[in-house]
Amino acid sequence: MGDAVSARRAHPDPLTRSGFIALAGRPNVGKSTLANAIVGAKVAIVSDKPQTTRRAIRGVATGDRWQLVLVDLPGVQRPRDELTARMQRRVETELADADGCLFLINAEHGIGPGDRFIARLLSRSPVPVVIAVNKIDRTDRAKTAAALNGAQELDVADEIFPVSARTGAGLRPLTSHLVKLLPEGPFYFEPEQLSDQSEDVVLAELIREQVLSRTREEVPHAVEVELESVDSSRPDLVRIEAVVLVETESQKGILIGAGGQMVKAIGTAARRAIERQLGAHVHLELSVRVRRHWRGDDRLLDRLGIE
């Protein structure tokens, strides 16, 4: 599991359980919301736009003598460019290294070709698979029952749980079952640690979340955020300079907006989110820059930490 596996194991008690559960599912099925709900804190940004998650984000949930590391994978899809190819490779690598897999299905939409594609992928995986039929709060009983039956027909999991990541319904029995899949062993992370993401990545993602909430069509997929500087030398203020990368001048125009109103609104909302994250006053300088075809730029993707 990369850096996480090589991390210092914090507690040597052999009676504890700890391990990694990969979250798989179609784009926009609610994996980030579920990870946040189980961890009990925001470790992954949430949006109704597909392809929101671009990195394998690890959220750490620690209970009484157990530690569950949830790996929020990018949505499984067929690669279209170097960005999505990297995302798909990351999915396959994390699945191979996990102790179990939680496969999320959208109760609203039922079973589709994407779910069957993922089920075929998971059928070749050596790790146990659990299915969670998510978003039951948005459907009636008939739709939920149909989704549960469809999940069973995929024939890839021994256990299926109806849940709502948004309301928390069904999460306690699901979490208890996932803990039972973990091998005995010491913790990978200190109990108070909630994620393995660097602070720069977390702050950049909070800014991108605000972009996603205000844009549509092609713009969300073409946006990435890069932090240029973080200055916390003053105890009462954190100064951050960040740039929003887009691929075309028209996308830049959309993000700046008439009279700069869009970028101002994004910056204000992002500053407030970052202040909640850091617990400090923040001054955020936000600019928009065109970087054509950045999704195919290996060096930039490396610098952004998208493996």
Solvent-accessible heavy-atom area per residue, rounded to whole Å², over the range 159-218 at 1.4 Å: 49 Å²
Two-site FRET efficiency, Ala265 against Glu159, from Cβ-Cβ distance with R₀ of 45 Å, rounded to 0.05: 0.55
About the Cα centre, charge dipole magnitude for the range 146-199 (Lys/Arg +1, Asp/Glu -1 at Cβ), debye: 300 debye
Residue-wise HN-Hα coupling along the range 170-183, computed from phi with Karplus coefficients 6.51, -1.76, 1.60 (Hz; x: Gly, Pro): x, 6, 5, x, 4, 4, 4, 5, 4, 4, 5, 7, 7, x
Distance in nm between pseudo-label sites at Val290 and Asp200 (7 Å out along the Cβ direction from Cα): 2.7 nm
Nitroxide proxy distance, nm - points 7 Å out along Cα→Cβ at His281 and Arg138: 4.0 nm
Computed lengthening from Arg272 to Ser250, 0.36 nm per intervening residue step minus Cα-Cα distance: 5.2 nm
Computed FRET value (nearest 0.05) for Lys180 with Arg216, which takes r as the C-beta separation and R₀ as 45 Å: 0.60
Exposure rank, largest accessible area first [Lys264, Lys31; 1.4 Å]: Lys264, Lys31
The range 233-249 - phi-based ³J(HN,Hα) in whole Hz, Karplus 6.51/-1.76/1.60, Gly and Pro as x: 5, 8, x, 9, 7, 10, 9, 10, 10, 9, 10, 8, 8, 10, 9, 9, 5
Inter-part distance where the range 14-42 and the range 212-291 are each reduced to a Cα centre, Å: 27 Å
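Pop out the carbon and sulfur fraction of the accessible area of the range 163-230 as a percent, whole number, probe 1.4 Å. Numbers along the way, then the final one.
Working: 1450 of 3060 Å².
Carbon and sulfur: 47 percent of the exposed surface of the range 163-230.
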Whole-number percent relative contact order across the range 95-252, with pairs defined as alpha carbons under 8 Å at least 6 apart: 16 percent
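Taking 25 Å as R0, compute the FRET efficiency from the Cβ-Cβ separation of Phe117 and Thr167 and round it to 0.05. Walk me through the intermediate numbers first.
On the way: r = 28 Å, r/R0 = 1.14.
So, using R0 = 25 Å, E works out to roughly 0.30.
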Residues with amide H under 5 Å from that of Ser18, placed H, sequence gap 5 or more: Gln67, Gly185
Among 128-139, 244-255, 172-183, the order from most to least packed when residues are scored by Cβ within 10 Å on average: 128-139, 244-255, 172-183
Under the Karplus curve 6.51 cos²θ - 1.76 cosθ + 1.60, θ = phi - 60°, whole-Hz ³J(HN,Hα) for the range 279-292, x wherever Gly or Pro sits: x, 8, 5, 10, 10, 10, 9, 10, 10, 10, 9, 7, 10, 4
Long-range amide H partners of Val238 with built H, under 5 Å: His281, Val282, His283
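The values are calculated or read from the model by the stated rules, or taken from the named source; none is laboratory data. Predicted model, so just to flag it, every value in this text is computed and none were measured. Don't worry about glycine lacking a Cβ; one is built from the backbone with ideal geometry, like all the others, and counts go over all protein chains shown. In case anyone asks, the SASA skips ligands and DNA or RNA and just uses the protein heavy atoms, side chains included. Shrake-Rupley method; radii C 1.70, N 1.55, O 1.52, S 1.80 Å.
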